[in-house]
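Taking it in order: structure first as C-alpha cells, then the write-up.
Read-outs: derived from the displayed coordinates by stated rules, not from any lab. In this text the structure is predicted, and so the values were computed from the model without any measurement. As a convention, Cβ positions derive from the backbone with ideal geometry for all residues, glycine included, and neighbour counts pool all protein chains shown.
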Amino acid sequence: MSVSFELTGKKLKSGVKEASDVVALPGGRFAIVSDTSDRLAVVDARGQGETFKLEGLKDGKSQLEGVAYDPVRHHLFVVREEAQELRRYTWHHDKDAAPRLEKTFEVDRAGPKNKGVEGIVFVPADLSPTGRAQLLLAKEGNPRELWMHEGTGRPRYLVTLEREVHQACSDFSGLAVDPVTGVVFISSDESAVCAQIKLVFRHARVVGKFLGSFPLRDARGKALRRVEGITFDEGGDLLVLTEDDGVLRRFARQE
C-alpha cells in the first residue's frame, strides 16, 4: 500500500546554484550537489551550513547528478552523468574535514550520455530486498532503468520494473528510500510525480512492484518544475529539491 504525503508551507533555501541532488544526513542536515560546482554543500534546517571541496573535480564542470551517504561505513557517493562515473569518498558527516576520494568506478550503460544516471540512494541492509546493503541507481532515460550495486564495480542487479512505473514516470530524476517502510520513491521531472515501488528479491532477480504515484505540486497547485532530487528526513517526511531555485520543499507524511 502506498503512503500519502501533503505539501507543507515549509521551504529550505539551500543557496546552491544548479542544484542536482540531495541526501539527508544524520542529525537533521542535508548534503546537496550541483552539476556545475565541485563543492558539497551541507545545510541545516535553517539553511545555514558550509561547503566542502570534492577532490578530483573541476569547478564549473563537475557533472554531478546524484549523491548518497552510507552512515555506517562513512562513505559519500556521487555520480557524474556525462563522465559515467560513480565516485566513493570517505567522509564523516559530523567532522570538519573534506571528503577524501577513495575509488572511482565506471557506470557505463546503453543510451546517450546526457540521459545517464540522475539519481542514487543508499539502501541499508535492513531495508534491502537482498538483505545486503546496496546502492540503487536510476538512469534517466533511453532506456529508463534502475540497477543495484554493492558499492563496487558493475551493477549486480538490473531491477525489473512493472509497466505502471514507466507509465507514471516519463523520466527518472531522483531516488529516495522511505526509512519507515523501505519503499523506494522515484521522482520524475517531466511528469512532476513521485512513484512508489516495493523492491522484492525473487528467483535471483530484483523486481520493482508499483504501489502508486502522486503529483508534485506547489502551493498554488501548479506542477513543480525541474525536480532534481528527493530525500527523506529521519521523521519520514519527504523533501523535494528543485534545480532552478535550490529550494527544498517538505511533503509531510500522512498517517
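How high is the relative contact order of the chain, in percent, with contacts defined as C-alpha pairs under 8 Å that are six or more residues apart? Walk me through the numbers on the way to the answer.
Working: 716 pairs, mean separation 51.9, N = 255.
This gives 20 percent for the chain.
Note down the net charge around Glu50, summing +1 for each Lys or Arg and -1 for each Asp or Glu among other residues with Cβ under 14 Å from its Cβ.
On the way: positive: Arg29, Arg39, Arg46, Lys53, Lys95; negative: Asp44, Asp94, Asp96.
Net charge in that neighbourhood comes out at +2.
With +1 on the Cβ of every Lys and Arg and -1 on the Cβ of every Asp and Glu, and nothing else charged, how large is the dipole of the stretch 165-255 about its Cα centre, in debye rounded to the nearest 20?
On the way: 12 positive and 13 negative charges, 86 e Å.
That gives the stretch 165-255 a dipole magnitude of about 420 debye.
With charges set only on the Cβ (+1 for Lys and Arg, -1 for Asp and Glu), what does the dipole of the stretch 195-236 come to about its Cα centre, in debye to the nearest 20?
Working: 9 positive and 4 negative charges, 64 e Å.
Charge dipole, the stretch 195-236, about its Cα centre: 300 debye, nearest 20.
Under 5 Å between amide hydrogens, which residues at least 5 positions from Glu140 or on another chain qualify, with H placed 1.01 Å from N in the peptide plane?
Under 5 Å from the amide H of Glu140 lie the amide H atoms of Gly116, Val117, Glu118, each far enough along the sequence or on another chain.
Within the set Lys17/Lys198; Lys11/Lys53; Lys61/Lys222, which residue pairs have Cα atoms separated by over 29 Å? All intermediate terms of the calculation are to be shown ahead of the outcome.
On the way: Lys17/Lys198 33 Å; Lys11/Lys53 26 Å; Lys61/Lys222 32 Å.
Where the Cα-Cα span goes over 29 Å, the pairs concerned are Lys17/Lys198; Lys61/Lys222.
Per DSSP helix of 4 or more residues, -39500 (n - 2.57); summed, then divided by the residues of the chain. What does that give at 222 nm, rounded to the nearest 500?
Details: 1 runs with 6 residues, N = 255.
Mean residue ellipticity, 222 nm, calculated: -500 deg cm²/dmol.
Just add up the charged neighbours of Leu161: K/R +1, D/E -1, any other residue whose Cβ is under 12 Å from the Cβ of Leu161.
Details: positive: Lys139, Arg144, Arg163, Lys198, Arg205, Lys209; negative: Glu145, Glu162, Glu164.
Taking every Cβ under 12 Å from that of Leu161, the sum is +3.
Sorting check: for 85-96, 27-38, which peptide has the highest mean count of neighbouring beta carbons within 10 Å, and how do the rest follow?
Working: 85-96: 16.3, 27-38: 20.7.
In descending order of packing, they fall as 27-38, 85-96.
Go through the stretch 149-255 and name the trypsin sites (Lys or Arg not before Pro) that are in a DSSP coil and have 16 or fewer other Cβ atoms within 10 Å of their Cβ.
Working: sites: Arg156, Arg163, Lys198, Arg202, Arg205, Lys209, Arg217, Arg220, Lys222, Arg225, Arg226, Arg249, Arg250, Arg253; in loops: Arg156, Arg220, Lys222, Arg225, Arg226.
Within the stretch 149-255, the qualifying trypsin sites (Lys or Arg not before Pro) (loop, at most 16 other Cβ atoms within 10 Å) are Arg156, Arg220, Lys222, Arg225, Arg226.
Of all alpha-carbon pairs in the stretch 98-255, indicate the percentage at a distance above 24 angstrom. Kindly include the intermediate steps, with their values, before the conclusion.
Details: 3938 of 12403 pairs.
The share of Cα pairs beyond 24 Å in the stretch 98-255 comes to 32 percent.
Evaluate the charge dipole of the stretch 4-254 about its Cα centre and quote only its size in Debye, nearest 20, assuming +1 on the Cβ of each Lys and Arg and -1 on the Cβ of each Asp and Glu. Spell out each step's value before the answer.
Details: 38 positive and 38 negative charges, 65 e Å.
Using Cβ point charges on Lys, Arg, Asp and Glu, the stretch 4-254 gives about 320 debye.
Would you tally the net charge around Gly9, using a Cβ to Cβ cut-off of less than 14 Å, leaving Gly9 out, and scoring K and R as +1, D and E as -1? Each step should come with its number before you reach the end.
Working: positive: Lys10, Lys11, Lys13, Arg217, Arg220, Arg249, Arg250; negative: Glu6, Asp218, Asp237.
Net charge around Gly9: +4.
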